[in-house]
1. Taking region 124-149 as the region of interest, how many residues are touching an Asp or Glu at 6+ places or on another chain (Cβ under 8 Å) and either over 26 Å from Trp23 (Cβ atoms) or among the aliphatic types (A, V, I, L, M) (or both)?
2. Please go through (1) on the phi > 0 side of the Ramachandran plot; (2) touching a residue at least 60 places away in the same chain (Cβ under 8 Å) for Ser65 and return the number of the only condition it doesn't satisfy.
3. For region 83-94, give me each residue that is open to solvent by less than 70 Å² (accessible area, probe 1.4 Å) and assigned to a helix (DSSP H, G or I).
4. Out of Leu109, Leu104, Leu135, I need the residue that is modelled with pLDDT of 95 or more, open to solvent by 70 Å² or more (accessible area, probe 1.4 Å) and either over 24 Å from Ala2 (Cβ atoms) or touching a Pro at 6+ places or on another chain (Cβ under 8 Å) (or both). Which one?
5. Tally the residues that are open to solvent by less than 30 Å² (accessible area, probe 1.4 Å), farther than 19 Å from Pro81 by Cβ and in contact (Cβ under 8 Å) with a residue 40 or more places away in the chain, restricting the search to region 19-61.
6. Please state which of the following conditions Asn70 fails to meet, knowing it meets all the rest: (1) assigned to a loop (DSSP other than H, G, I, E, B); (2) in contact with a Leu (Cβ under 6 Å, 6 or more places away or on another chain); (3) among the polar types (S, T, N, Q).
7. Right, Pro160: surrounded by fewer than 18 Cβ atoms within 10 Å (Cβ to Cβ) and touching a Cys at 6+ places or on another chain (Cβ under 9 Å) or not?
8. What are the residues in region 138-166 that are modelled with pLDDT under 95 and either assigned to a loop (DSSP other than H, G, I, E, B) or under 22 Å from Gly85 (Cα atoms) (or both), if any?
Amino acid sequence: MAVLHTQLYEHVPTRVRTSDRPWRPIAVDSPYSPFGVKEPSDEKAVFSVEELASGELAGAALLWSIDALNRSAHLGISVLPAFRGRGLGTDVVRVLCEYGFAVLNLRRLQLETLADNAAMIAAATGAGFRHEGTLRRSAWVYGQELDEVVYGLLYEDWAPRGVPRSTG
């Protein structure tokens, strides 16, 4: 996934807004690239995002910190710059919810994002997530302390499109 590494990791101002780890130079073919192909994991599910209209690679999405005991996970998405503003975010969040709730049988999904990330907040609320709190000055981003916001979605509040489900 060289294009993801180049456009989402090597662009430092973008990467530091999407990760809680300090940026360090990593070669695109390194096994440490966050976009490299890795072994399957019970703690993480990583997906490529494709724009259906063009069939082009548009980004990456993941469920991480999957907790089978507490039936919860966190989610995150990264959309390539050329595909931003096309409404892909809400669709990607909905697909991750479908996978988490219908396939993995989770009961809670959560995301954290910077308070000024209007696109991610719109994608989350568009998929039914609720604002649960603000972590004041909790993120160090390119020389600034920024607030993070936490959004959550419970299984019983999830509204899958056209998928019948029983409660439980």
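The values are calculated or read from the model by the stated rules, or taken from the named source; none is laboratory data. From a predicted model like this one, the values you see are computed outputs, not experimental measurements. In this analysis, Cβ positions are derived from the backbone assuming ideal geometry, glycine residues included, and neighbour counts consider all displayed protein chains. What goes into the accessible areas is simple: the full protein's heavy atoms, side chains included, and nothing from ligands, DNA or RNA. Shrake-Rupley method; radii C 1.70, N 1.55, O 1.52, S 1.80 Å.
1. The number of residues fulfilling the criteria is 6.
2. Exception for Ser65: condition (2).
3. Step one: filter region 83-94 for residues open to solvent by less than 70 Å² (accessible area, probe 1.4 Å), giving 83, 87-90, 92-93.
Scanning region 83-94 gives Phe83, Leu88, Gly89, Thr90, Val92, Val93.
4. On the way: Leu109 fails: open to solvent by 70 Å² or more (accessible area, probe 1.4 Å); Leu104 fails: open to solvent by 70 Å² or more (accessible area, probe 1.4 Å).
Just a single option satisfies the conditions, and that option is Leu135.
5. Of the residues in region 19-61, 1 are open to solvent by less than 30 Å² (accessible area, probe 1.4 Å), farther than 19 Å from Pro81 by Cβ and in contact (Cβ under 8 Å) with a residue 40 or more places away in the chain.
6. (2)
7. Yes: the conditions hold for Pro160.
8. Tyr142, Gly143, Ala159, Pro160, Arg161, Gly162, Val163, Pro164, Arg165, Ser166
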